[in-house]
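The values are calculated or read from the model by the stated rules, or taken from the named source; none is laboratory data. A quick note: this is a predicted structure, and the numbers were derived from the prediction, not measured. Quick reminder, even Gly has a Cβ in these numbers, built from the backbone with ideal geometry, and neighbours come from all protein chains shown. Surface accessibility is based on the protein's heavy atoms, side chains included, excluding ligands, DNA and RNA. Shrake-Rupley method; radii C 1.70, N 1.55, O 1.52, S 1.80 Å.
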Amino acid sequence: IGFTDIERDYPDVIGLTEFETTEELTEIIRRICFNLCSSIKESRESHNFGLRDRLVAYIEEHFDDYNFSIHGMASYFNISFSYLSRYFKDHMGQTISEYINYIRIEKAKGLLKDSDRTLHEIVAQIGYCDVSSFIKKFKQMEGMTPGEYRKLYRGDERKII
């Protein structure tokens with residue numbers, strides 16, 4: 001609700017004294033409160049979707065940094081760690097860590113299919129610092145090891161480590 005809408009739709013302060021019944025006054029106050037609350041809710045929702053998009057963009061830009069941290073991300077956006085974690089889960093349906101793992105695994109799958117990079121190179125490129133933990137996470141998410149995935153989608157027997 002813009003200021004001109006308020007001027008047009010609601011009485012001024014003097015006009016509030018001209019009501020003949022308390023019911024009329026109660027109704028106008030109720031309508032003002034309802035519209036104000038609706039306006040605040042709309043403003044928050046539009047801000048929240050903007051924040052969600054900025055968070056996702058930040059993650060997609062920084063997922064490959066093995067020093068990435070949720071605390072650092074919260075600091076970058078000047079919000080608390082707990083608020084960031086709760087907000088992301090509420091708006092994305094998964095935790096930030098789950099989302100980052102998903103992005104990293106998807107990037108790794110593309111590199112396994114489309115490049116001759118070794119597994120060590122791929123792991124470093126997607127922000128993991130430990131090959132064995134990556135293999136474990138990959139198998140957990142994809143149901144096969146990275147080597148099995150590469151063989152399946154490339155049909156070759158190249159060594160990947």
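Applying 0.36 nm per residue to the separation of residue 132 and residue 76 and subtracting their alpha-carbon distance, the gain on full extension is 17.1 nm. Excluding residue 54 itself, calculate the net charge of residues whose Cβ lies under 14 Å from the Cβ of residue 54, where each Lys or Arg counts +1 and each Asp or Glu counts -1. The answer is -2. Over 21 Å apart at the Cα level, from the set 89/113; 89/139; 109/136; 89/136, are 89/113; 89/139; 89/136. The residues 153, 76, 83, 99, sorted by heavy-atom accessible surface at 1.4 Å with ligands and nucleic acids left out, run 76, 153, 83, 99 from largest to smallest.
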